[in-house]
Amino acid sequence: MNIDDLSWTEIWNAMRSQLACVTKILVLILVVAVLRGDKCSAARIYLSNSSVSPSIENPSLNLSIGEVASLYIWIAPDAGATVNGLGLSLRATVLGAVNVQEYLVYNPMNNIIGLNRWDAVGNGLFNEGNLLVSNSNAVSVSSATGINPSSVFLQGDPLAASEFGVSAYLHSKVDFMGQTAGQTDLFLQVGHGLITVKDNGAAENVQFGAGDVPGVSGGVAGATDAIADATIVVSTSALSADLNMDGFVDGLDLGTLLASWGTTTTPDMGELDGTPPVDGLDLGALLGAWNPPPLPSASSVPEPSTLMLTGLAAIGLFARRGGVGCDDHVDRH
């Protein structure tokens, strides 16, 4: 049949039939992709300032110089995904703004399975240039360990939580100390160890933070740094030298610092510049923030003459009362 012999109606019907066929194919491809679990990421790894709420991401942290505060790393695997290897590093954009006092990878026992979350963990190295934490590792060898969103894993893990549709595992804690005034952004990235996320037996992607484009798992040097995973602002504050937190920097704080002289200790005991031991630099920081309580006003302190007159009046009153007592004694006899 020649196309010239077809009417416009017949041509339109033929084209509509072809379009319907293409639509069905596209829908079928989409359904297969969903069933196979082809997602943009199989696990999200992010920072939070909460150790109990997995729904808080991309936090801001405000520190004074010498002050210590914590951020927490959470892992939220997608349905069907299992994280059985995790190598992490944490990078700062500004060198020297903060340092890491401690980094701790949690490895709790699952109360239902009776096994630890990981077969082995390593906290990694701290404060190597811009890498505040480098090469922290957590490894799962057994098929019964690792992290996945199944109810057995979530309910049995004491450090797992679900909130607002987010199910996640508390992975680690980072303790920061403010060093110099300024602001630095933090970015999670893949460490030297592999990040292994399995979804239906195939390696999948991992996403750092709420806004990053997923980076491919399996040892890639980092993720796309589209949005900072956290921000820390360090300020110079007189209260950083207020060791006993009474609102003043005075002799009590100075005494605490001198008692810690030459030792490696915490900011509340006199380590104000973050570089042990307690020494002249810490003393200088405290004296520079000196802020004693105000002296009593002159009106509240009696003049010496007032004190003398008050004392004489009291003596006279005492003597008068004593005289009355003597007279009464004589009259009764």
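For this structure, a couple of remarks:
- In region 231-273, residue surrounded by the most Cβ atoms within 10 Å (Cβ to Cβ) [restricted to those that are assigned to a loop (DSSP other than H, G, I, E, B) and among the charged types (D, E, K, R)]: GLU271
- Residue check, LEU90 surrounded by 20 or more Cβ atoms within 10 Å (Cβ to Cβ), at pLDDT below 90 and not hydroxyl-bearing (Ser, Thr, Tyr): no
- Scanning region 47-63 for residues that are in a strand (DSSP E or B) and crowded, with 22+ Cβ neighbours inside 10 Å yields a single hit, LEU47.
- Looking at ALA92, ALA79, just one residue is more than 25 Å from ALA241 (Cα to Cα) and within 15 Å of the chain's Cα centre (by Cα), and that residue is ALA92.
- Residue selected from region 145-198 under the condition surrounded by 23 or more Cβ atoms within 10 Å (Cβ to Cβ), within 20 Å of the chain's Cα centre (by Cα) and more than 26 Å from ASN130 (Cβ to Cβ), by the criterion modelled with the highest pLDDT: TYR169
- Figure legend. Inter-residue proximity from region 145-158: first residues β-branched (Val, Ile, Thr), second residues assigned to a loop (DSSP other than H, G, I, E, B), beta-carbon distance below 7 Å, spacing 6+ or different chains. Indicated pairs: THR145/LEU115; THR145/ARG117; THR145/TRP118; THR145/ASP119; ILE147/ARG117; VAL152/ILE112; VAL152/ILE113.
- Exclusive hit being under 25 Å from ASN99 (Cα atoms) and at pLDDT below 90, set ASN205, ASN244: ASN244
The values are calculated or read from the model by the stated rules, or taken from the named source; none is laboratory data. Not measured: the values here are computed from a predicted model. Note that each Cβ is placed from the backbone with ideal geometry, even for glycine, and that neighbours are counted across all protein chains shown.
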